[in-house]
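Here's the structure, in structure tokens; my notes come after.
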Ligand SMILES: Nc1ncnc2c1ncn2[C@@H]1O[C@H](COP(=O)(O)OP(=O)(O)OP(=O)(O)O)[C@@H](O)[C@H]1O
């Protein structure tokens, strides 16, 4: 076969994205293709910079091209990404490509820890990321991001005030905790909390974002309903520990998101504190909260399982010191990075499966 642009495209049309189950050419992932003698250069545009299959897809392109045109080719393949979205026509925050609700049934299972580490991990891959801390009962993000004493800015435009998120570790952040003094007990009523969340979303300068993560209060509350009524949400992540009581509550959270008036797809379940590992004996695993509860829940509910995070002293210390564990170089950082990749992957799959013109506005 002669090496022409058409033939190269025909060959690349046989390489499938394993997640999206379609070929790279039909998916529009091949750009800037140039052919000159034995030199073939092009860009593969992935659906997320956190794509765990980056190297695999590259290798598949090489294998297919060498199989068709023989060895001795000069291949110049660049891997790039453009995060997909089904929100571009959304009435609120159309420049935010994906809004992800992070929820849990039970309190204290590590929802905020997981949110903070997912956000920083996605930002580390080059994605534009924001976090809304809507956990009115325990807004812990300011401590976890070490911005406790910072104040979000305010900008006036057309007689209206807009909040400017604070930025840390490449992540834009707005927290209820940043608007109230640390030692000030605010008694939140449902409508007040819902109003605050609406402002964080609609009256804040988020700019363009690939992923906006919302750390919700534990359980099921007005604020969950208010969220989906304010913005079309891409999907929800449910955090649980393997413990029976936590899993039972996580099941209720899954059921809540599936209810017709909420109707938010579950992107996956995270099993936090899956087992305890002492730093000096990393091979030892102690299943102090039981074993596999999160994975089993995912299987029973037919939703993706995003992965496990161990119970490690360093994760707690990182949270308290305001330096997320994923910024370190250890096994916990690896766990959070894998989790972020799994989430980005599920978001891309969900976006590909949804008709891109069909943005559901529940207002
Ligand atoms: N994998 C882990 N290993 C060690 N400590 C953890 C882990 N995950 C969370 N923690 C610690 O557990 C505590 C509770 O975590 P976190 O605040 O993230 O939970 P939450 O589910 O967001 O709680 P809330 O009910 O306030 O929403 C924190 O002190 C945190 O540092």
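Every number in this text was worked out from the coordinates using simple rules, so none of it is lab data. Small disclaimer: the values here were computed from a predicted structure and weren't measured. Glycine also receives a Cβ, built like all others from the backbone with ideal geometry; neighbour counts cover every protein chain displayed.
Things worth noting here:
- FRET efficiency, 1/(1 + (r/R0)^6) with R0 35 Å, evaluated for residue 280 and residue 150 via beta carbons: 0.45
- Between the helical axis of 111-124 and the longest alpha-carbon principal axis of the chain there is an angle of about 30 degrees.
- Segment 5-81: relative contact order in percent, alpha carbon pairs under 8 Å with at least 6 residues between: 33
- Note on the chain: antiparallel DSSP beta bridges, both residues inside, total approximately 30 percent of the bridges counted.
- Legend: ranking of residues 210, 334 from fewest to most surrounding C-beta atoms inside 10 Å; resulting order 334, 210.
- On Cα atoms only, tilt of 190-202 relative to the major axis of the chain in degrees: 30
- For the chain, the mean projected area of the C-alpha convex hull, equal to one quarter of the hull surface, is 20.7 nm².
- Using alpha-carbon coordinates, inclination of helix 54-69 to the longest axis of the chain, degrees: 10
- Antiparallel content of DSSP bridges confined to segment 5-81, in %, to 5: 45
- Each of 273, 1, 79, 141 was scored by other Cβ atoms within 10 Å of its Cβ. Listed from fewest to most, they are 1, 79, 273, 141.
- In the elastic network of the chain, a GNM with C-alpha springs shorter than 10 Å, the most mobile of 351, 272, 89 is 89.
- If you run the Gaussian network model on the chain, springs between alpha carbon atoms under 10 Å, then out of 33, 267, 118 the most flexible one is 33.
- Ordered by the count of other Cβ atoms within 10 Å of each Cβ, fewest first, 211, 275 give 275, 211.
- Debye intensity ratio I(q)/I(0), log10, segment 5-81, q values 0.11, 0.12, 0.25 Å⁻¹ (C-alpha model): -0.24, -0.28, -1.28
- Taking every DSSP beta bridge that has both ends in segment 1-154, the antiparallel portion is near 45%.
- Per-residue [θ]222 nm for the chain (sum of -39500 (n - 2.57) over DSSP H runs n ≥ 4, rounded to 500): -10500 deg cm²/dmol
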